[in-house]
Amino acid sequence: MPAALINVPKKAKRGDVVEIKALMSHIMETGYRRTAAGDLVPRDIITSFTCRYNGAEIFRADFFPAIAANPFISFFTVAKESGKKEFEWIGDRGFSETASASITVE
Amino acid sequence: MPDLAPSTRRRFLGLAGSAAICGTVPSVTVRPAEATPAMLASAIRNVVGEAELHTGKVKLDIPPLVENGNTVPMTVSVTSPMTPDDHVKSIHVFNEKNPQPNIGNFYLGAQAGRAQVSTRIRLADSQKVVAVAQLSDGSFWSTSVDVVVTLAACTEEVL
């Protein structure tokens, strides 16, 4: 079951640099492991993560199989205005999940 | 860094030949293909292009001794004022011995305020991890860290 954990400060002063943390539960199957029968387990990973702040992209990442299972990412942004941060994960086999969080800037 | 020169056709053929020889040796374990330092260099070249790769400005925080290669915390930070005129555009992380040389690409901008990214990675072996940052003026900066892994990420584990 896909489940996202997001940590965005609820409040911030205008101009503050705030940390954003996002975790998506996902197996991140590398495509290099084999079953007991010797067959390769097909790759199943999240390939892309995007964060938008009031519609504008502020952070984007490309993931490779070397990103650990349940990919966690932390980054920073300047709190410019109150609004919504939207997160999107896209991956193999049509994986697509979104989440959002609000921030109040004073 | 002389070993970051683009790999020549001759070197590539030499590597392919030695790989073929290895393939004929009967082996008990089935090992996945391993990235080589040449693949690391060419993956970095794909990002940097013909630009010069400087050393410095980038800091790669990763434990020097890792017990479990399946999840290794990693933080990359870059010394930058993060103003519209002078900021970090992207951070790229590479490894030497995983099956693929790439770990992740991270695209930020002046609005980030602080050029720092953390995530958790997999390491299949004790190896070198390289972080490259592209600045807004088009220059590239890098750093590398050697990591010792006692339990490798499970690329060879049988399910």
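Points to keep in mind about this one:
- Considering the range B:46-157, the qualifying strands (runs of 3 or more DSSP E), each wholly inside and each with 2 or more residues that are touching a residue at least 40 places away in the same chain (Cβ under 8 Å), touching a helix residue (DSSP H, G or I) at 6+ places or on another chain (Cβ under 9 Å) and open to solvent by less than 20 Å² (accessible area, probe 1.4 Å), run over B:88-95, B:127-135, B:140-151.
- If the condition is being open to solvent by 50 Å² or more (accessible area, probe 1.4 Å) and modelled with pLDDT of 95 or more, then the range A:18-42 contributes A:Glu19, A:Lys21.
- Total residues in the range A:23-47, condition under 30 Å from A:Val105 (Cβ atoms) and either facing another protein chain (nearest Cβ under 10 Å) or part of a loop (DSSP other than H, G, I, E, B) (or both): 2
- Within the range A:51-94, the residues that satisfy the criterion of being at the interface with another protein chain (Cβ under 10 Å from one of its Cβ atoms), touching a residue at least 12 places away in the same chain (Cβ under 8 Å), open to solvent by 40 Å² or more (accessible area, probe 1.4 Å) and of a type outside the set (A, V, I, L, M) are A:Arg60, A:Phe64, A:Asn70, A:Phe72, A:Lys80.
- Tally, over the range A:51-97, of residues that are over 22 Å from B:Ile121 (Cα atoms) and among the β-branched types (Val, Ile, Thr): 3
- The one condition in (1) part of a strand (DSSP E or B); (2) more than 18 Å from B:Gln116 (Cα to Cα); (3) under 10 Å from the mean Cα position of the chain (by Cα) that A:Thr50 fails to fulfil: (2)
The values are calculated or read from the model by the stated rules, or taken from the named source; none is laboratory data. The model shown is predicted, which means the values in this text are computed figures rather than measured ones. We place every Cβ from the backbone using ideal geometry, glycine too, and count neighbours over all the protein chains shown. Remember, those area values only see protein heavy atoms, side chains included, never the ligands or the DNA or RNA. Shrake-Rupley method; radii C 1.70, N 1.55, O 1.52, S 1.80 Å.
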